[in-house]
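The values are calculated or read from the model by the stated rules, or taken from the named source; none is laboratory data. Source: prediction; values computed, not measured. Positions of Cβ are backbone-derived with ideal geometry, glycine not excepted, and every protein chain shown enters the neighbour counts. When the accessible area is computed, the model is the full protein with side chains, heavy atoms only, and any ligands, DNA or RNA have been set aside. Shrake-Rupley method; radii C 1.70, N 1.55, O 1.52, S 1.80 Å.
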Amino acid sequence: METLTYDVAVVGGGNAAFCAAVAAREHGASVAMFERAPKDEAGGNTSFTAGAMRVVYDGVEDIQQLVPDLTEEELATTDFGTYTEDEFFDDMARVTNYRTDSDMCETLIRKSRETLRWMKDKGIRFACIYGRQAFKVDGRFKFWGGLVVESWGGGPGLIEGWTKIAKREGIDILYNACATKLIHDDDGVHGVLVRKEGKTVEVRAKAVILCAGGFQANAEWRARYLGPGWDLAKVRGTRFNTGDGIRMALEIGAMSYGNWSGSHAVGWERYSPEFGDLTVGDNFQKHSYPWGIMLNADGKRFVDEGADFRNYTYAKYGAVILNQPQQFAWQIFDSKVQHLLRDEYRIRQVTKAAANTLEELVGKLEEVNADQALKTITEYNAAVIKDVPFNPNVKDGRGTVGLDIPKSNWANTIEDPPFEAYAVTCGLTFTFGGLKISEDGQVVDNEAMPIPGLYAAGELIGGLFYFNYPGGTGLTAGSVFGRIAGSSAGAETAGG
Ligand SMILES: Cc1cc2nc3c(=O)[nH]c(=O)nc-3n(C[C@H](O)[C@H](O)[C@H](O)COP(=O)(O)OP(=O)(O)OC[C@H]3O[C@@H](n4cnc5c(N)ncnc54)[C@H](O)[C@@H]3O)c2cc1C
């Protein structure tokens, strides 16, 4: 059997893995990354993202540190506001029903700004998310929902950037290299077995950092842990995150932690492929539902589409759609709001119905009770509070009265033709359950003791997210905890 030797072996090739590898290398450790995917599918879920990252900022100066090339005109016409540590805490606490692990949450928030600056110093470029996160009202853009920056070139740009940096820093990246088992004894972890081109390679390392993602691409685990019906969910991202990192650690006695029946799941093109398609990226998602309404097969609304900014509802509404009859819904918009629809509605791969009358539209909604759909839209239109002005940049309080399921904000009538409808199902992003880590990123065992030589970061750590998730936190969490794990492992192992 071939044997390779490094100070630090990182399992995975997404954002968390790169942060861990680069941070370990800073300490002088010899580092290799083992990526299960072939090179053209590498980068995990990170490659599928638009690269949006939630970060604390106290004003435009903090944004300029990350995005130094903002133009004078952009600065003059944009209200960036602030996103303070307190606001980030409030968002994490509220959306997780106060279940987020407070220590981990504090680390995430307090280190978000310095970690993105560290990424920038390493050579990662950022841009501001005009369009998706700020609308132009009266000549000015206003950012909302705590989300302002994204990596240049989205997820693919982030992976490309990290790959160049890793090469520059002398980190080896092995593709088609699937980690299968930890090398472990009473003294801890001493490496990992990797299957490469049909052969097992023994990787001897003083520390292993697991960054192999959640278990969302594993249909059996989905049904087992998320529950019945979840085996049928579409997977939005990589087909390679099948829970291997979690499994390998549990096999040697690691503690399981977090919301194992919970996940991040969104409204997603109904007839999308089983896994993500890198040529489409995140564009199968359909996130403009706050401007319209959603109907299920019974022709009924089933959720408050305007309960909050989409950043705080989209990640839990996939599960709500999964629980509808036949696991689908139609999103409906009239001409008043169509200019606000995100770019993802303008791709070729959509299931769309369009009509000039509501009667015609409901007849075109495949597998929907058309009579009930028309009744629902008529009742909804009558319930809209029309004397409150519509404003997509704030929670405008333009709601409905008297409906069993209210719409709390952005309630516009559906009455101005042409009408458009888009069919969605549940698209699963990543799972919330995973491993428990210590403050320095070490995986802990069932006795709550750190396992010597074993670290973890990214999707596969549990404890941060329960029930829901504030948009843009996955990449930031991977960066913060990846850097911590890499730093600890690098400091522990280098030259020793
Ligand atoms: C469509 C989509 C859009 C998203 N948009 C955003 C966004 O805009 N902002 C945001 O913050 N988050 C977003 N997310 C979530 C985000 O992608 C994740 O939170 C983040 O990328 C997780 O990083 P990670 O490094 O932990 O996992 P990943 O990037 O998934 O990396 C896991 C890696 O492990 C590898 N791997 C798996 N098993 C093995 C094994 N046995 N051996 C070796 N390697 C293995 C995989 O191939 C992969 O390279 C989005 C996700 C999707 C799917």
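Condition check: open to solvent by 20 Å² or more (accessible area, probe 1.4 Å), acidic (Asp, Glu), modelled with pLDDT of 95 or more and away from the ligand (no atom under 16 Å from the Cβ). Does Glu459 satisfy that? So Glu459 fails the test. Of Arg239, Arg247, all but one fail to be within 21 Å of the chain's Cα centre (by Cα), open to solvent by 30 Å² or more (accessible area, probe 1.4 Å) and within 15 Å of the ligand (Cβ to nearest atom); the exception is Arg239.
Here's the yes/no breakdown for (1) open to solvent by 10 Å² or more (accessible area, probe 1.4 Å); (2) in contact with a strand residue (DSSP E or B) (Cβ under 6 Å, 6 or more places away or on another chain); (3) under 30 Å from Gly154 (Cβ atoms):
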| residue | (1), (2), (3) |
| --- | --- |
| Ala373 | no, yes, no |
| Lys386 | yes, no, no |
| Val394 | yes, no, yes |
| Arg398 | yes, no, no |
| Ala411 | no, yes, no |
| Gly433 | no, no, yes |
| Pro450 | yes, yes, no |
| Tyr469 | yes, yes, yes |
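Where helices (runs of 4 or more DSSP H) fall entirely within the range 80-133, those with at least 1 residues that are of a type in the set (S, T, N, Q) and in contact with a Phe, Trp or Tyr (Cβ under 8 Å, 6 or more places away or on another chain) are at 102-110, 112-122. Counting only residues that are open to solvent by 20 Å² or more (accessible area, probe 1.4 Å) and either outside any loop (DSSP other than H, G, I, E, B) or over 25 Å from Asn356 (Cα atoms) (or both), the range 315-336 holds 8 of them. Among the residues of the range 9-34, those that are near the ligand (Cβ under 7 Å from one of its atoms) and part of a loop (DSSP other than H, G, I, E, B) comprise Gly12, Gly13, Gly14.
Filtering the range 35-94 to residues that are under 24 Å from Thr242 (Cβ atoms), open to solvent by less than 60 Å² (accessible area, probe 1.4 Å) and either among the basic types (Lys, Arg) or away from the ligand (no atom under 16 Å from the Cβ) (or both) leaves nothing. Here the condition is being in contact with a strand residue (DSSP E or B) (Cβ under 7 Å, 6 or more places away or on another chain) and without any contact (Cβ under 8 Å) to a residue 60 or more places away in the chain; of Phe275, Phe215, it holds for Phe275 alone.
Val55 meets all of the listed conditions (1) out of contact with any Leu (no Cβ under 8 Å at 6 or more places or on another chain); (2) outside any helix (DSSP H, G or I) but one, namely (1).
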